[in-house]
Amino acid sequence: MGVVTQRAQPAIRRRGPGIRHRTISWALRHLQVFFYTLGQLTRSPFGSAMTASVIGIALALPAGLYVLLENAQSMSSGWEGTAQISLFLHSKVSDGRAAELAGQMASLPEVSTARVITRAEALAEFQEMSGFGAALEALEANPLPSVIVVQPAVAHSDAEAVKGLVAKFATQAEVDIAQFDLQWVKRLYALMEIVQRGVLVLAALLSVAVLLIVGNTIRLDIENRREEIEIAKLVGATNAFIRRPFLYAGFWYGLFGGLLAYALVSSALELLREPTRQLALLYYSDFALLGLEGTASMVLVGSGALLGLGGSWVAVGRHLSSIEPS
Amino acid sequence: MIQFDDVSKRYPNGHEAISRVSFRLGVGEMCFLTGHSGAGKSTMLRLIALIERSSRGQIIVDGQNLGRLRKHRIPYYRRRVGMIFQNHRLLFDRTVFDNVALPLVIAGHRHHEIGRRVRAALDKVGLLDKERLYPITLSGGEQQRVGIARAVVNKPRLLLADEPTGNLDPELSREIMELFSTFNQVGVTVLIASHDLGLISRMDYRILTLRDGRLENQEAWVS
């Protein structure tokens with residue numbers, strides 16, 4: 001029994017390190033090429049920086065637009081809920097009746113607040129705000145109606161519930177026009193939807209541009225190293241061996257391009273941050289500019305690296321097989 | 001080691017570089033291949049190195065029928081054959097050490113193994129003290145020695161040399177040829193294409209002569 005075990009073990013052991021050794025040396029070779037190509041790029045820093053910059057700018061454009069869109073969405077997300085219903089009353093309705101009506105409305109569960117703007121208040125406000133003060137004074141009678149401004153309760157602020165509320169108020173005899181002013185919010189959302197699609201299309205186009213940039217750079221690189229490739233093939237290099245450094249070079253170009261795009265977008269946002277805050281203050285808002293958050297920045301850098309790898313893959317596939325030693 | 005059976009190579013333009021060549025070269029043999037330029041010497045070597053494929057006939061090298069070798073296996077075949085070129089084909093942006101190490105790096109040898117083997121090869125060609133230099137700083141003869149070191153570093157069983165002394169003066173040429181002799185003496189099969197008849201006739205090896213793509217005195221070579 002002991003003899004059998006002793007004889008069996010070396011056979012197993014001999015096979016084990018074989019596979020392990022091969023895997024390790026394969027991984028080591030990859031690692032070696034990985035850093036070797038990085039070293040190659042630093043040997044021609046100007047050319048490498050140019051390529052990475054072009055990729056960076058191409059990626060920064062859609063990334064920057066994406067961030068602006070995110071900001072616009074976050075800024076406008078609360079607006080739907082704050083929609084108010086304006087009920088313009090018939091001019092013959094007295095202020096007292098209007099206040100009574102507002103009180104009834106405010107007691108409804110769907111309504112948060114209902115406030116009356118009397119005809120006199122409306123005129124005063126209009127005179128002050130519009131700059132038509134003198135013209136209005138020339139009028140004999142106040143042309144403005146009383147208005148009840150109804151703020152729907154938060155629980156009933158979705159579009160359907162508010163529409164129902166509007167319909168209900170419109171049937172009141174005292175109400176001339178019931179106006180629910182959500183149309184412009186809807187238009188804004190529709191507009192942002194279009195812009196979002198536009199950003200997607202732009203991102204797709206510029207991704208193709210990055211593929212082509214990296215592909216062309218790698219193609220030139222392959223042409224420049226034609227002699228080296230031929231010699232390597234003569235001494236037994238496989239296509240995979242020759243392909244590897246070019247693929248990693250493409251990866252590095254893309255990665256640095258992605259990092260540069262991140263830096264560009266971040267610093268542009270930093271430049272915009274203070275003026276935006278000033279503007280927000282003027283609107284009595286505490287709105288602060290959103291930056292590129294973690295996932296988005298990883299997607300940006302990651303897609304840069306992947307596009308670089310993809311571009312070099314295309315170039316290598318097209319051009320490497322045509323180089324045979326002569 | 002090398003067996004040609006009725007081998008022809010016709011190029012797409014209709015030119016037949018070698019016609020119906022048959023010969024055998026035994027294991028451990030050294031032999032010269034000569035003839036005028038254009039007689040087909042290079043084509044013969046290119047067929048053996050699988051840089052080109054024959055149009056007809058059969059080539060067997062080290063037991064491997066080259067006609068049956070798939071394209072993706074060619075790199076592994078070439079690792080078993082050392083090749084030396086008239087224009088050296090060195091990488092001028094790499095040191096002597098890195099040039100010689102290239103076949104070992106490609107074959108995936110370990111770091112310390114590469115260092116050991118490269119120095120052994122450089123020692124054999126007498127360039128051990130120049131491993132850190134760049135090929136451009138070396139003389140023509142030295143560059144050719146680097147090429148030879150690169151060809152033997154993988155310990156191939158077969159060495160092919162295409163006009164290895166083409167650009168060298170007679171004294172250096174003799175030294176290079178003697179270097180090939182020393183490799184032959186340790187069992188490496190060597191085939192050298194050269195038109196330097198004066199030099200090769202003074203050495204005691206068989207000579208294959210090609211004339212317009214045909215082997216002279218072919219009967220004597222098939223046995």
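Taking every residue in segment A:33-45 that is assigned by TED's automatic domain parsing to the domain that holds A:W252 and pairing it with any residue that is among the aliphatic types (A, V, I, L, M) and modelled with pLDDT of 80 or more, at least 6 positions away or on another chain, the pairs with Cβ-Cβ distances below 8 Å are A:T37/A:A249; A:Q40/A:A249; A:L41/A:A249.
Residues in segment A:263-314 that are among the aliphatic types (A, V, I, L, M), part of a helix (DSSP H, G or I) and more than 22 Å from A:A203 (Cβ to Cβ): A:L271, A:L279, A:A280, A:L281, A:L282. Based on this model, can you work out whether A:F241 counts as surrounded by 18 or more Cβ atoms within 10 Å (Cβ to Cβ), aromatic (F, W, Y) and within 14 Å of chain B (Cβ to nearest Cβ)? Answer is yes for this residue. For segment B:53-78, filtered to residues that are surrounded by fewer than 18 Cβ atoms within 10 Å (Cβ to Cβ) and of a type in the set (D, E, K, R), the residue that is nearest to B:H109 (Cα to Cα) is B:R73.
Give the residue that is nearest to the other protein chains (Cβ to nearest Cβ), with candidates limited to residues of segment B:117-138 that are hydrophobic (A, V, I, L, M, F, W, C) and farther than 24 Å from A:S25 by Cα. Give the steps one after another, and end with the answer.
We begin by selecting, within segment B:117-138, every residue hydrophobic (A, V, I, L, M, F, W, C); these are B:118, B:120-122, B:125, B:127-128, B:133, B:136, B:138.
Remaining after also requiring farther than 24 Å from A:S25 by Cα: B:122, B:125, B:127-128, B:133, B:136, B:138.
On the way: B:L122: 16, B:V125: 16, B:L127: 18, B:L128: 21, B:L133: 18, B:I136: 14, B:L138: 17 Å.
Among those residues, the one meeting the criterion is B:I136.
Residues in segment B:41-60 that are of a type in the set (V, I, T), outside any helix (DSSP H, G or I) and within 14 Å of chain A (Cβ to nearest Cβ): B:I51 alone.
Of all residues in segment A:113-129, count the ones that are at pLDDT below 80 and surrounded by 14 or more Cβ atoms within 10 Å (Cβ to Cβ).
First, the residues of segment A:113-129 that are at pLDDT below 80: A:125-129.
Going one step further and asking which of them are surrounded by 14 or more Cβ atoms within 10 Å (Cβ to Cβ), we end up with A:126-127.
Qualifying residue count for the region: 2.
For A:L247, are the conditions met, namely being away from every other protein chain (no Cβ under 14 Å), within 23 Å of the chain's Cα centre (by Cα), touching a residue at least 12 places away in the same chain (Cβ under 8 Å) and buried (at least 18 other Cβ atoms within 10 Å of the Cβ)? Spelling it out, it is not the case that A:L247 is away from every other protein chain (no Cβ under 14 Å), within 23 Å of the chain's Cα centre (by Cα), touching a residue at least 12 places away in the same chain (Cβ under 8 Å) and buried (at least 18 other Cβ atoms within 10 Å of the Cβ).
If we scan segment B:29-42, do we find a residue that is of a type in the set (G, A, S) and in contact with a Phe, Trp or Tyr (Cβ under 9 Å, 6 or more places away or on another chain)? Break it down stepwise before answering.
As a first pass, look at segment B:29-42 and keep what is of a type in the set (G, A, S): B:35, B:37-40, B:42.
Those still in the list that are in contact with a Phe, Trp or Tyr (Cβ under 9 Å, 6 or more places away or on another chain) too: none.
Checked against the condition, which is being of a type in the set (G, A, S) and in contact with a Phe, Trp or Tyr (Cβ under 9 Å, 6 or more places away or on another chain), segment B:29-42 yields no hits at all.
Taking the numbered list (1) within 26 Å of A:R225 (Cα to Cα); (2) more than 14 Å from every other protein chain (Cβ to nearest Cβ); (3) surrounded by 23 or more Cβ atoms within 10 Å (Cβ to Cβ) in turn, B:L160 passes all entries but (2).
Within segment B:62-79, the residues that satisfy the criterion of being within 30 Å of B:I136 (Cβ to Cβ) and of a type in the set (K, R) are B:R78, B:R79.
With respect to B:H109, is the statement that it is outside any helix (DSSP H, G or I), closer than 22 Å to B:M44 by Cα and either modelled with pLDDT under 95 or assigned by TED's automatic domain parsing to the domain that holds B:V61 (or both) true? Walk me through it before giving the result.
Working: outside any helix (DSSP H, G or I): yes; closer than 22 Å to B:M44 by Cα: no; either modelled with pLDDT under 95 or assigned by TED's automatic domain parsing to the domain that holds B:V61 (or both): yes.
In short, no.
Those residues that are touching a residue at least 60 places away in the same chain (Cβ under 8 Å) and either hydrophobic (A, V, I, L, M, F, W, C) or loosely packed, with under 11 Cβ neighbours inside 10 Å (or both), I need them from segment A:95-109; list them, please. I'd like the intermediate steps shown before the answer.
Taking segment A:95-109 first, the residues touching a residue at least 60 places away in the same chain (Cβ under 8 Å) are A:97-98, A:101, A:105.
Once the filter is applied, which keeps residues that are touching a residue at least 60 places away in the same chain (Cβ under 8 Å) and either hydrophobic (A, V, I, L, M, F, W, C) or loosely packed, with under 11 Cβ neighbours inside 10 Å (or both), segment A:95-109 yields A:A98, A:L101, A:M105.
All of (1) free of Cβ contacts under 8 Å to residues at least 40 places away in the same chain; (2) not in a helix (DSSP H, G or I) hold for B:D129 with one exception: (2).
With respect to B:I114, is the statement that it is without any contact (Cβ under 8 Å) to a residue 24 or more places away in the chain, of a type outside the set (D, E) and either facing another protein chain (nearest Cβ under 8 Å) or not in a loop (DSSP other than H, G, I, E, B) (or both) true? Don't jump to the end; show me each part of the working.
Values: without any contact (Cβ under 8 Å) to a residue 24 or more places away in the chain: yes; of a type outside the set (D, E): yes; either facing another protein chain (nearest Cβ under 8 Å) or not in a loop (DSSP other than H, G, I, E, B) (or both): yes.
Yes, satisfied.
Scanning segment A:258-288 for residues that are over 30 Å from A:L306 (Cβ atoms) and among the aliphatic types (A, V, I, L, M) returns A:L279, A:A280, A:L281, A:L282, A:A288.
Checking each residue of segment A:146-158 against the condition of being assigned to a loop (DSSP other than H, G, I, E, B), crowded, with 16+ Cβ neighbours inside 10 Å and assigned by TED's automatic domain parsing to the domain that holds A:A102 gives at least one match.
Residue pairs whose Cβ atoms lie under 6 Å apart, sitting 6 or more positions apart in sequence or on different chains, and linking a residue in segment B:70-95 that is more than 27 Å from B:S173 (Cβ to Cβ) and facing chain A (nearest Cβ under 8 Å) to a partner that is buried (at least 17 other Cβ atoms within 10 Å of the Cβ) and β-branched (V, I, T), are B:P75/A:T238. One residue alone among B:I148, B:I176 is of a type outside the set (F, W, Y) and within 14 Å of chain A (Cβ to nearest Cβ), and that residue is B:I148.
Note on segment B:96-109: among residues that are at the interface with chain A (Cβ under 7 Å from one of its Cβ atoms) and over 18 Å from the mean Cα position of the chain (by Cα), the one that is farthest from B:A49 (Cα to Cα) is B:G108.
The values are calculated or read from the model by the stated rules, or taken from the named source; none is laboratory data. This structure is a prediction, so every number in the text was calculated from the model and none was measured. All Cβ positions, even for glycine, are placed from backbone atoms using ideal geometry, and neighbour counts span all protein chains on display.
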